[in-house]
Amino acid sequence: MLLADRLIALGLMALSAYFMWHATVLPIGWNGMTGGPGGGAFPFWLSAIMFVVAGAILVRSYRGQIEYDPTFFDPETLRSVVLVVVVLVITVALIPIVGAYIALPLFLLWYLKVFGKHGWTLTLILTVCTPVFLFFFFEVTLKILLPKGMTEPFFIPLYARFF
Amino acid sequence: MELLGYLADGFATSLSPLNLFIVLMGVTAGLFIGAMPGLGSVNGVAIVLPLTFIVPPSSAIILLAAIYYGAMYGGAISSILLGIPGASTAVATTFDGRPMAQQGKAGLALIAAACASFIGGTVSVVLFTLFAAPLADVALAFGPAEEFALVLLAFTTFVGLGGDDILKTIMMICLGLALSTVGLDLISGQPRLVFFDQPGFYSGISFLVLAIGVYGIGEILYTIETQKAAPQVTPAKLTFKELWYGIKEINKMWKTLSFGSIMGFFVGMLPAAGATPAALMSYGIAKLMSKQPEKFGKGAIEGVVAPETANNAASTGSLLPMLTLGIPGSPTTALLLGGMVMWGLVPGPMLFIEQPDFVWGLISSLYTANLAAVLVNLALIPVFVWALRMPFTVLCSMVFVLCLVGGYAPSQKMHDVWLIVGFGVGGYLLRKADYPMAPLVLALVLGPLMEKSFRQTLIAEQGNVMAFVERPLSGTFIAISVVFFLLPLVKHVKAWLGRAPSPTNN
């Protein structure tokens, strides 16, 4: 926890420095003409406070006034969390290529069958019903088209039927 | 009575078949969301918000308010049956709800929770109705200077009263505000903080993206890590005899009930406080005033009644500043506020004048939602017992899919979906390191208002900073903010002077 607290504080310091650098594109000082701060002032000075506060958190961690839990992650379950994050990233990356109607069922298949160790009946029911529900809810009712990627041609007959 | 006339008009809206159906749907969904360990009202509203495009705004807000209400009732269900609070707001309900369930009185505990929630909800909705219009009248006099001072006040309550690590609270407020400035500058219209030249950042970071990331993806990741084994569900049977007995028992506790409702309502109005501290305070005071305090923690009905009254009252209380002042009293109401902006409505006092149908429709729907929630809650208890046995992976997979699709739908950009995953992982890590999430979401929602009102005031006053202090109302707000901000400092100095051995900065 101590190490994680320091790393996160360092990360936030880096992030706020990056924000400050970005904010300087617009004037960050007092603009005498319009009366008031320039367009970059708000993000710049807020990031400056973030930088100072993160620095204070870092300094505090060295002074040993706060007791930290010995562990940050639960070693037993960390593997599951990392696995889920990796699969989520792969799913999102796949959406524009193979389309939401392939990527999301693949995600469900993995999550329920491999990760959740459920039976085929439950897995298949959810994997088939979810995209059907999504199609009717978003595309037919709300007219919001989900990304289809290379599966777009297969949807043309469906569009013709429902729109 | 002008008020009753408005309320009657409101009921004409909220009792329409569509809205009645929506209230029923909303409270049922809310009850399920609230009952699931790990998911509370804020998660439910964040996940469902993108789906509300299907109905007009007045019905959409009724749906979300009904989910909010239902989730408050539902939190008690898993507190009692699993011993795990269904949402942080129901933590205090586990103290006596769980022992009652272990003694075989789960049914009675559920009845007590539902009835207490109903009373807390009803009293606070009446208070809400009485206070809403006068408060909105006062708020009509607010200019940009007062708006800025009020937002500042909202943030300083987190520092002074939030109870979290103060440095980390300030960090999250500033991060939220900084993220809210991404996109085009409000006054000059120039682009700023467009990271990596990604065109997606030109339109700014939507509060919805942050909320779905933090409260959808982040929350589930957190639950995956913390829940190792499936919890044991205590069976609950419900008979009319028990229902009658429960109602009779609760009738004797009018002191706890009235105190919990009124205190809950006012505590709920404070941005940093809200339903969780209100419930804990109500529990503590009920124990203090009880003739048999030794029974608390071992299965006293009053120990279930007190927190449940207060947390429902607080959830209504937090709607009051959101609707009348445009300053949300909790993360969930911050999302409701963001939703209203998304639908093209400007929350705040003008809403009462420009959109009376909307406002009074919402207020009257709180009455129907409250009634619907208690009935659905009692009727569906067997279903909840069954649903709580549902494997967690099924729920998680559905939430993930809804988060990804729901994040894509409003803007139809993959950029937002990536941001959601990023905020989810980032939020999960920050939360593990004890950074509070509520100020972050509130800051992102209120950021544009804060910057706009600050700069508008300065432009109008030709750069005179004293304008904020010279106006009486805004000066008062700023003075209170300063007190809140200095509160933890005073504690520090006291601890330093007294050489207290334990750290006081949390």
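Structure data summary
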{"read-out": "Candidate aspartates and glutamates - alpha carbon under 19 Å from A:K148, same-chain residues fewer than 8 apart omitted", "value": "A:E139, B:D416"}
{"read-out": "Cα shape, chain B, gyration tensor, a/c 1.5 rule", "value": "rounded"}
{"read-out": "Under the Debye formula (equal points on every Cα, no solvent term), log10 I(q)/I(0) of the protein assembly as shown at q = 0.11, 0.12 Å⁻¹", "value": "-1.21, -1.45"}
{"read-out": "Shape of the stretch B:331-425, Cα gyration tensor, a/c cut at 1.5", "value": "oblate"}
{"read-out": "Shape category assigned to chain A from the gyration tensor of Cα positions, a/c cut at 1.5", "value": "oblate"}
{"read-out": "Contour minus Cα-Cα distance for B:M466 and B:A495 (0.36 nm per residue)", "value": "7.0 nm"}
{"read-out": "Mean separation of Cα contacts under 8 Å, 6 or more apart, over the residue count of chain B: relative contact order %", "value": "29 percent"}
{"read-out": "In degrees, nearest ten, helix B:106-140 long axis to first principal axis of chain B (Cα)", "value": "30 degrees"}
{"read-out": "Cα-based helix-to-principal-axis angle, A:100-109 vs chain A, degrees rounded to 10", "value": "90 degrees"}
{"read-out": "Helix axis angle, B:301-317 relative to chain B longest principal axis, alpha carbon, degrees", "value": "30 degrees"}
{"read-out": "Summed buried accessible surface, chains A and B, 1.4 Å probe, nearest 100 Å²", "value": "5800 Å²"}
{"read-out": "Accessible-area composition of the stretch A:11-139, carbon plus sulfur, in percent [1.4 Å probe]", "value": "75 percent"}
{"read-out": "Alpha carbon convex hull of the stretch B:373-420, volume per residue in cubic angstrom", "value": "94 Å³"}
{"read-out": "Estimated 222 nm signal from helices in the protein assembly as shown, with DSSP H stretches of n ≥ 4 weighted -39500 (n - 2.57), rounded to 500", "value": "-23000 deg cm²/dmol"}
{"read-out": "Accessible area (Å², 1.4 Å probe, nearest 10) - A:K113", "value": "60 Å²"}
{"read-out": "Nearest-0.05 FRET efficiency for B:Q102 and A:D74, computed from C-beta distance (R0 35 Å)", "value": "0.85"}
{"read-out": "Interatomic Cα distance distribution for the stretch A:2-63, bins of 5 angstrom, percent", "value": "4, 20, 23, 17, 13, 10, 7, 4, 2, 1"}
{"read-out": "Inter-site label distance for B:L20 and B:L243 at 7 Å from Cα along Cβ, in nm", "value": "2.0 nm"}
{"read-out": "Carbon and sulfur %, accessible surface of chain B computed with the full protein complex present, 1.4 Å", "value": "68 percent"}
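The values are calculated or read from the model by the stated rules, or taken from the named source; none is laboratory data. Keep in mind that what you see is a predicted model, and the values were worked out from it rather than measured. Cβ sites come from the backbone with ideal geometry, for glycine too, and all protein chains shown count toward neighbours. For the accessible areas, the whole protein counts, side chains as well, though only heavy atoms, and no ligand, DNA or RNA atoms are used. Shrake-Rupley method; radii C 1.70, N 1.55, O 1.52, S 1.80 Å.
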